[in-house]
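Engineer: Starting off with a structure, shown below.
The values are calculated or read from the model by the stated rules, or taken from the named source; none is laboratory data. Small disclaimer: the values here were computed from a predicted structure and weren't measured. Quick reminder, even Gly has a Cβ in these numbers, built from the backbone with ideal geometry, and neighbours come from all protein chains shown.
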Amino acid sequence: MVFNENKEIIGTSNVIGEIYLEKNNKLTDKIFIESIFYEKKEIVINKVEDNSIILLKPKVNLLDEVEIDYKKKYIVLTAYYRIYNSRDDVLVSFVDAEVKYIIKKNSIQKKVLNFRIFDVASKDEKINPYWVDKLKKTSLFETLNSKFHLIKDEEKGVINIVGKKNNKVYGTIKPDFNNINNKSNIVIDITNETDKIIGTAREEYNNEELLKTTIKDLKYWSRINIRTVTPKYIKIDSTLKGTKKMFNKREIFIQSLEYVSKEEYKKLKKKGYKDTSVSHYTKEFWKNLEIFTPLDPLIEKQLNEILVERK
């Protein structure tokens, strides 16, 4: 990560350590280069020539041996996906699924293999799993930098996510890899208020290398939306009459990362999704994840009651 003198992140290097700063309007006379595994370095800009190589001193010299199989060209993330909706704390719908995210050169494809879904309102269980969230191939820095200023708070040891127009702090980025109970090291809270909608959204990530990371380093992602139902909202959707609050939570727990060959990729692409009517949530397989968290007790109680009723 590269900071300017205002402690604002102005860029991150790519996977081979390159970064281009010549057209960066946030550039200052000095810049500071930081990485989790290297010592911090200060650079005076007018002493740096184009295409210079700047070496950082490693904090740790011992690296694990890595073997590369060039036939395994596709990266596959296996994830446990979970989404549920409630109205005034009453469960309305629940989905959980096994999803394969296939990372190709310029895209990420999702493949939903098995899922269990119910919708209390419609009782329709034969829905194409379009609802599973996609993942972005861009780094988290690229995503956040387009919307926010990223400014370091030396005292608290975090990076603040600051609105470009209102200078409001929407969230923080904090390196905290030692606490396995803290599944999120990036948190963004945004309030949205219009004449039709009053709501808040929280987005959380757990990434090994914070901003520099690509999707391959993701361990956990979630988004929570809480909306207050207004009279104008009810005019749009009459089924919300009598409802005060709507809650939606989506979560992705990464179970494994593997490299597959072209032949294995083709086999995976041929697999179709199916409604197994069996919750992956009840399997110990998913509960062994390092940062897996159980459902809210109230939601879990309602879910179990609905499943018993349906049986």
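Engineer: Scanning the stretch 27-47 for residues that are farther than 15 Å from K7 by Cβ and not hydrophobic (A, V, I, L, M, F, W, C), which turns out surrounded by the most Cβ atoms within 10 Å (Cβ to Cβ)?
Structural biologist: S35
Engineer: Take W286 and decide whether it is part of a helix (DSSP H, G or I), at pLDDT below 90 and within 20 Å of the chain's Cα centre (by Cα).
Structural biologist: Yes; evaluated as a whole, the condition is true for this residue.
Engineer: Let me ask something else about it. What's the total number of residues in the stretch 244-267 that are more than 19 Å from K216 (Cα to Cα) and outside any helix (DSSP H, G or I)?
Structural biologist: Residues that pass the stated criteria total 7.
Engineer: Looking only at residues that are in contact with a helix residue (DSSP H, G or I) (Cβ under 8 Å, 6 or more places away or on another chain) and either in a loop (DSSP other than H, G, I, E, B) or assigned by TED's automatic domain parsing to the domain that holds E34 (or both) in the stretch 197-238, which one is modelled with the lowest pLDDT?
Structural biologist: Out of the qualifying residues, it is T213.
Engineer: Inside the stretch 239-255, can you point out the residues that are of a type in the set (S, T, Y) and modelled with pLDDT of 85 or more?
Structural biologist: If the condition is that a residue be of a type in the set (S, T, Y) and modelled with pLDDT of 85 or more, then T243 is the only one that fits.
Engineer: Which of the residues spanning the stretch 8-44 are outside any strand (DSSP E or B), of a type in the set (A, V, I, L, M), over 18 Å from N145 (Cα atoms) and without any contact (Cβ under 8 Å) to a residue 24 or more places away in the chain?
Structural biologist: I16
Engineer: Is there a residue in the stretch 133-151 that is assigned to a loop (DSSP other than H, G, I, E, B), over 27 Å from F3 (Cα atoms) and modelled with pLDDT under 70?
Structural biologist: Taking every residue of the stretch 133-151 in turn, none turns out to be assigned to a loop (DSSP other than H, G, I, E, B), over 27 Å from F3 (Cα atoms) and modelled with pLDDT under 70.
Engineer: Sticking with this one: In this structure, is K59 out of contact with any helix residue (DSSP H, G or I) (no Cβ under 9 Å at 6 or more places or on another chain) and either surrounded by 10 or more Cβ atoms within 10 Å (Cβ to Cβ) or modelled with pLDDT of 85 or more (or both)?
Structural biologist: Here the answer is yes, as K59 does meet what is asked.
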